[in-house]
Amino acid sequence: MDNSEVAKRLFEMAEMLEFKGENVFKIKAYQKAARNIEELEEDINILRQRDELGTISGVGEAIEAKIKEMLDTGTFKAFEEIRHTIPQDIEEIIAVQGIGPKTAHLLYSKLGVKDLQGLLKAAEEHRIRRIPGMGVKTEEHILIAAKRQLAEGNIGRFPLGVALPIAEEISKKLLDGILIREVRIAGSIRRWKDTVGDIDLIARSDEPEKAIEVFTVMDNMQEVLEKGNTKGSIIYKGNIQVDLRIVKDDAFGSLLQHFTGSKEHNVKLRQIALSKGFHLSEYGLKNATTAEQIPFSTEHEQYERLGLQFIPPELREDWGEIEAAMEKKIPRLIEVSDIKGDLHVHSNWSDGHNSIEEMALAAKALGYQYINISDHSASSKIANGLSEKRLLDHIKEIERLNECIEGIRILSGTECDILPDGTLDYSDELLEQLDIVVVAVHGSVEQDSKTMTQRIVSALENEHVHILAHPTGRKFGKRLPFAMNMEKIMDTALEYGKVLEINSSPQRLDLNDKFAMMARERGIKLAINTDTHSLEQFGNIRYGIGTARRAWIASNDVINTLHLKDICKLLGIS
DNA sequence: GACGTAGG
DNA sequence: GCGGCGTT
DNA sequence: AACGCCGCATCCTACGTC
């Protein structure tokens, strides 16, 4: 077992103890030990060999013995014993809105509820309201929440590309009335996380209660979860939860910061505040001795008061940004306006909707200096991929257009399939005639890790290749990432000077934040492209930029921030 | 007012 | 359950 | 050195129910 597996077991143990209603501090002790093991630099097996398990903070006599047992046998007795006393599907019950470990345990011990179906039945038969402590309202809520949980297509998290447009739509509607002056999207959407659990909004209003009221009766509202003085919570069309929070204007910055999170970032900020003698909350700082409240109308002021440089929302994950901000070492992150061209664009020659000319003019209108028309290659039959002959015509057409369109350079490219054996879909002679060669895996996506890795490595070794598009192939709700060894692929990309793509399509966002960070740390250059198939999809660039910012990426890590002249020089384009 | 749940 | 503290 | 005692709580807040 490695560190994370040991930590996971300890976390599970804590959860089970919580369900059992064990001593809170005991639960916390397990969680603390697990957290510290997770963050450990060294391999726990090596610590064990040196008999230094006890030096891990939070690991005492009892947990040390359990870790040893785990390292030897893969589990420990106390874990197995307690597991048999707890129903298997308890997690799906705790996942129901409004039910936590205490209620789950109560329902189990009094009614024998051990899975979602049982919960539904208990609610329908009105058995829940008879338990002391539970009432009619609680039962009604459980019934609705359990049904929602069981509903078809309930996936829990939503791709950012689904949630953000809904958040924008709701924000606009809320601003229609006169009660609400300003709405801001907060939470994980504001941090540009690739999937989000809910939509978090904050607003400014002189009459918070009325504003919340308006929110809870808005169009497409399906269910009201909460309606208070400063906060409302609804289920919106599409089964997505939306929370709205309102505070007075003077604390708007504090609220925005709080509701943007992440939770881990907030906890750390609050610890810093404590060390300076303050309590931090969504209302601002409170002097620990005098209880004086200090609200902040902007996030900038609040960070500054804590002795920190301003931290962009995308970095607020407790991935080292707070330490960097203390030393004033937050980098200047890439922005949409840094992008000078799009290197992955489709036209109606393959599966795009618009002509090359239309795409070029749209890009020019965005202020781009160049686009790479990268239509599919012959093997992508469904995508109307270009035969060798059609590719030659494609090249000629681009030549012709470049002569008559001013103000933007159309690069002649391809999105060439990497065939299952690692060879490319076009001959080297043909690839040589192109300005930019983008390669990607499309078919045979089920290959095992070794084969897939070698397939991509072979492609990257080809001297004509410039960019690997959507490297992991994932598509939200449709396809998991390929089985592949990303380390090896990155090693190869670095060795051969190849560029990895951050594909901005909101169903892909591939590379994701973590892999993009890994690439940046290794010094691999990136390209942030839209993979657009229509004029509107150029707008997806914001998703790719958001992902890049989460990876701490700066303008100079990305090749399509270069001016036309410089990118031509870099890629050897005449 | 206590408790449980949920939110970042 | 951990770990710092005072006590023996 | 061994033992028992006791505070701890990754932070701070809102809402609904009983």
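The values are calculated or read from the model by the stated rules, or taken from the named source; none is laboratory data. All figures in this text were calculated on a predicted structure; none of them were measured in a lab. Note that we place each Cβ from the backbone using ideal geometry, even for glycine, and neighbour counts take in every protein chain shown. Accessible surface areas use protein heavy atoms only, side chains included; no ligands, DNA or RNA. Shrake-Rupley method; radii C 1.70, N 1.55, O 1.52, S 1.80 Å.
The set of residues from segment A:477-507 being closer than 21 Å to residue A:444 by Cα and in contact with a strand residue (DSSP E or B) (Cβ under 6 Å, 6 or more places away or on another chain) comprises A:500, A:501, A:503, A:507. Of all residue pairs spaced 6 or more apart or on separate chains, those with beta-carbon atoms under 9 Å, a first member in segment A:258-273 that is on the phi > 0 side of the Ramachandran plot and of a type outside the set (Ser, Thr, Tyr) and a second member that is in a helix (DSSP H, G or I) and at pLDDT 95 or above are A:261/A:187; A:261/A:188; A:261/A:190; A:261/A:313. Per the conditions (1) open to solvent by 50 Å² or more (accessible area, probe 1.4 Å); (2) aliphatic (A, V, I, L, M); (3) outside any helix (DSSP H, G or I), the sole criterion not satisfied by residue A:242 is (1).
Within segment A:219-244, residues that are under 18 Å from residue A:205 (Cβ atoms) have Cβ atoms under 6 Å from residues that are outside any loop (DSSP other than H, G, I, E, B) and open to solvent by 60 Å² or more (accessible area, probe 1.4 Å) in these pairs: A:229/A:209; A:233/A:226, counting only partners at least 6 apart in sequence or on another chain. Against the criterion of being within 19 Å of the chain's Cα centre (by Cα), of a type in the set (D, E, K, R) and buried (at least 24 other Cβ atoms within 10 Å of the Cβ), residue A:542 does not qualify. Scoring residue A:213 on the criteria (1) under 28 Å from the mean Cα position of the chain (by Cα); (2) open to solvent by 40 Å² or more (accessible area, probe 1.4 Å); (3) within 13 Å of DNA strand D (Cβ to nearest atom) leaves a single failure, condition (1). For segment A:94-135, a residue qualifies if it is among the small types (Gly, Ala, Ser) and not in a helix (DSSP H, G or I), and the qualifying residues are A:95, A:98, A:100, A:112, A:133, A:135.
Take the conditions (1) open to solvent by 30 Å² or more (accessible area, probe 1.4 Å); (2) assigned to a helix (DSSP H, G or I); (3) not charged (D, E, K, R); residue A:153 misses just one of them, which is (2). Annotation note: Cβ proximity below 8 Å between a residue of segment A:505-520 that is open to solvent by 20 Å² or more (accessible area, probe 1.4 Å) and of a type outside the set (S, T, N, Q) and a residue that is part of a strand (DSSP E or B) and at pLDDT 95 or above (sequence gap 6+ or interchain) occurs for A:508/A:475; A:520/A:526. Does at least one position in segment A:218-231 carry a residue that is in a helix (DSSP H, G or I), open to solvent by 20 Å² or more (accessible area, probe 1.4 Å) and at pLDDT 95 or above? No, segment A:218-231 contains no residue that is in a helix (DSSP H, G or I), open to solvent by 20 Å² or more (accessible area, probe 1.4 Å) and at pLDDT 95 or above.
Looking at A:384, A:372, just one residue is under 25 Å from residue A:530 (Cβ atoms) and either free of Cβ contacts under 8 Å to residues at least 12 places away in the same chain or in a strand (DSSP E or B) (or both), and that residue is A:372. Within segment A:545-564, the residues that satisfy the criterion of being surrounded by 23 or more Cβ atoms within 10 Å (Cβ to Cβ) and part of a loop (DSSP other than H, G, I, E, B) are A:551, A:552, A:553. In segment A:351-390, the residue that is nearest to residue A:429 (Cα to Cα) out of those that are open to solvent by 10 Å² or more (accessible area, probe 1.4 Å) and in contact with a Gly (Cβ under 7 Å, 6 or more places away or on another chain) is A:378. Looking at residue A:447, is it open to solvent by 10 Å² or more (accessible area, probe 1.4 Å), assigned by TED's automatic domain parsing to the domain that holds residue A:510 and under 21 Å from residue A:497 (Cα atoms)? No, not satisfied.
Considering each residue of segment A:270-284 in turn, none proves to be more than 11 Å from DNA strand D (Cβ to nearest atom) and within 28 Å of the chain's Cα centre (by Cα). Taking first residues from segment A:56-81 that are assigned by TED's automatic domain parsing to the domain that holds residue A:12 and partners that are surrounded by 12 or more Cβ atoms within 10 Å (Cβ to Cβ) and among the polar types (S, T, N, Q), the Cβ contacts under 8 Å between residues at least 6 apart in sequence or on separate chains come to A:56/A:36; A:57/A:36; A:58/A:36; A:59/A:36; A:69/A:75; A:71/A:45. Please enumerate the residues belonging to segment A:21-34 that are within 18 Å of residue A:79 (Cβ to Cβ) and either within 10 Å of DNA strand D (Cβ to nearest atom) or surrounded by 14 or more Cβ atoms within 10 Å (Cβ to Cβ) (or both). Within segment A:21-34, A:22, A:23, A:26, A:27, A:28, A:29, A:30, A:31, A:32, A:33, A:34 meet the criteria. Note on segment A:464-490: residues that are farther than 27 Å from residue A:155 by Cα, open to solvent by 40 Å² or more (accessible area, probe 1.4 Å) and either among the polar types (S, T, N, Q) or touching a helix residue (DSSP H, G or I) at 6+ places or on another chain (Cβ under 8 Å) (or both) total 2. Here segment A:175-200 is the region considered, the condition is being within 12 Å of the chain's Cα centre (by Cα) and open to solvent by 40 Å² or more (accessible area, probe 1.4 Å), and the residue that is nearest to DNA strand C (Cβ to nearest atom) is A:193. If you take the residues in segment A:35-51 that are loosely packed, with under 14 Cβ neighbours inside 10 Å and not polar (S, T, N, Q), which one is nearest to DNA strand B (Cβ to nearest atom)? Ranking the qualifying residues of segment A:35-51, first place goes to A:39.
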